[in-house]
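For reference, the structure discussed in these notes is given below.
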Amino acid sequence: MHWILHGWPDEQARKTLTNIVAAMEPGYSRLIINDYIIPDRNCDFPTACMSIMMMVQVGAFERSEKQWRELLSSVGLKDIMFYQPPGSAEGIIEAITS
């Protein structure tokens, strides 16, 4: 999934993820997400502006690693891994079903 969930508040993102998790085969399927992973603190100006813009336009926001973990765990995903190049706001999130 590339830049899909960042445009949705947690409630709607959770609905989308719940449907995806239902279609995943435990022990086999992996969910790969390519999206923004913002720092919990001291976010750079362009990334902060992107998050504010998402909030104003669609009522959503860019998520930090902690927020991604909470969202993905809430729908039954586990072993959540983050791969993010240094200096990039964008990264890869990988998770599997319980």
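Which whole-number percent gives the relative contact order of the chain, counting Cα pairs below 8 Å spaced six or more residues apart? 39 percent. Note on R63, R41, R30, R69: ascending count of other Cβ atoms within 10 Å places them as R41, R30, R69, R63, the fewest first.
In the chain, the DSSP beta bridges split such that about 85 percent are antiparallel, to the nearest 5.
The modelled label-to-label distance between I92 and V58, using points 7 Å beyond Cα along the C-beta direction, is 2.3 nm. Semi-axis lengths, largest first, of the ellipsoid equivalent to the chain are 23, 15, 10 Å, with √(5λ) applied to each eigenvalue of the Cα gyration tensor. In the stretch 57-98, Rg over Rh equals 1.01, where Rg is the alpha-carbon radius of gyration and Rh the Kirkwood radius from pairwise Cα distances.
Rule-based calculations on the coordinates, nothing more; no lab input. It should be emphasised that the depicted structure is a prediction, and the values quoted were computed from it without experimental measurement. Positions of Cβ are generated from backbone atoms using ideal geometry, with glycine treated the same way; all protein chains shown enter the neighbour counts.
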